[in-house]
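Reading through the structure tokens given below for one structure.
Quick note: the coordinates plus some simple rules give every number you see, no bench work behind them. Fair warning: this is a prediction, and the values are worked out from it, not measured in the lab. Note that each Cβ is placed from the backbone with ideal geometry, even for glycine, and that neighbours are counted across all protein chains shown.
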Amino acid sequence: MNGKPVAVITGASRGIGRAITLALAAEGYDIVAIARSLDSEGMETLGPEVEKRNSDFFPIGLDISCTACQVEVVKDILDRYGRIDILVNNAGVAPLQRTDLLELSEESYDRVMNINLRGPLFFTQRVAKEMLWLKTMIETYSPKIIFISSVSAYMPSIRRAEYCISKAGLSMTTEVFAERLTREGILVYEIRPGIIETDMTARVKDKYDKMIEEGRIPQKRWGLPADVAKAVASIARGDWDFSSGAVFEVSGGLNIRSL
Ligand code: NAP
């Protein structure tokens, strides 16, 4: 069994997931990096970056919405390392097209819900069962699970309702796992990013630039993937070990309600 703690990050190839991956490598974790495909520039360049931080790198191609495929993946991770110390459920997608709620298609709803909610829920269920077993096997073991949701969990956007609904569901997923697992020693957290500069937001850059200019984001700037990664690193270090179920806003004050 490997002595180093192991972090599993979904959606590790790009954007927020990549920043989280590098931050956890810097915190001393070996890295299991999951993305839809291994065959991307992101995944190819991530390995050397992780290894530079003296961490082992295990890249895995998995479409998180394929719940049947998850079984083999969890087995492969445990075969290699014998432990999972932190799971970061980060993989997620926006709708392929923004459409008014009244025109929302069943196809888009199913796609977004399967990737953003159904997949992470069942992946977490599988990993949590292993964590419960590992708690009986490893003496100093302090497992943690993090869900990357969004301010969209509580801020409705009528042109991407399926995304907002998936993130609201992910918030409750955090709560039910926190309720189920905290007493058993597995800590569960939710991080809600605001508007973060990644591929996901690139196609609506002008809209968000304007929002920032108009002061609708109190801290008056784009969020960066590193802003989210810092919150994850802090949880991973154990700074929030008495705060299971906590929700962290990383949104430059978008959460502040004004009248
Ligand atoms: P991104 O740059 O588009 O990256 C998405 C990542 O998810 C990629 O690594 C991608 O892998 C992976 N992914 C997509 N579909 C997948 C699937 N079916 N199975 C496995 N992996 C999949 O997105 P991001 O902006 O970093 O967002 C990361 C998370 O933060 C998402 O859950 C998103 O909803 C959330 N978030 C983002 C923002 C924002 O403003 N950017 C705000 C709030 C919340 P491939 O490279 O293989 O495609």
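Among the chymotrypsin sites (Phe, Trp or Tyr not before Pro) in segment 224-259, those placed in a DSSP loop whose Cβ has at most 12 other Cβ atoms within 10 Å are PHE242.
Taking every C-alpha pair closer than 8 Å and separated by at least 6 residues, the mean separation divided by the residue count of segment 6-250 gives a relative contact order of 21 percent. Each peptide in 197-203, 187-193, 78-84 gets a packing score, the mean of other Cβ atoms within 10 Å over its residues, and the list from highest to lowest is 187-193, 78-84, 197-203. Under the convention that each Lys and Arg Cβ holds +1 and each Asp and Glu Cβ holds -1, the size of the dipole of the chain around its Cα centre is about 480 debye.
For the chain, the 222 nm mean residue ellipticity estimated from helices alone, with every DSSP H stretch of n ≥ 4 adding -39500 (n - 2.57) and the total spread over all residues, rounds to -13500 deg cm²/dmol. For the chain, the membrane-span-like helices by this rule, meaning whole DSSP H stretches whose C-alpha atoms cover at least 27 Å of axis and whose Kyte-Doolittle mean is 0.0 or above, are 161-181; this says nothing about an actual membrane. Each 10 Å bin from zero up to the one holding the largest Cα-Cα distance in segment 85-214 carries the following percent of pairs: 12, 39, 28, 15, 5, 1. Taking all Cα pairs closer than 8 Å and separated by 6 or more residues, the relative contact order of segment 153-251 comes to 34 percent. Kindly provide the GluC sites (Glu not before Pro) of segment 198-259 that DSSP labels as loop, not H, G, I, E or B, and whose Cβ sees at most 11 other Cβ atoms within 10 Å. In loop regions of segment 198-259 (DSSP not H, G, I, E or B), the sparsely surrounded GluC sites (Glu not before Pro) are GLU214.
How do 64-76, 107-119 rank on mean C-beta neighbours within 10 Å, highest first?
Ranked by mean Cβ neighbours within 10 Å, highest first: 107-119, 64-76.
Normalised by 2.2 N^0.38 Å, where N is the number of residues, the C-alpha radius of gyration of the chain stands at 0.98. For the chain, the cysteines with no partner cysteine C-beta closer than 4.7 Å are CYS164.
Other residues whose C-beta falls under 13 angstrom from the C-beta of THR198 contribute a net charge of +1, scoring Lys and Arg +1 and Asp and Glu -1. Go through LYS144/LYS220; LYS4/LYS167; LYS144/LYS167; LYS207/LYS230; LYS4/LYS220 and tell me which ones have a Cα-Cα distance over 28 Å in this structure. Going by Cα-Cα distance, LYS144/LYS220; LYS4/LYS167; LYS4/LYS220 fall outside the 28 Å limit.
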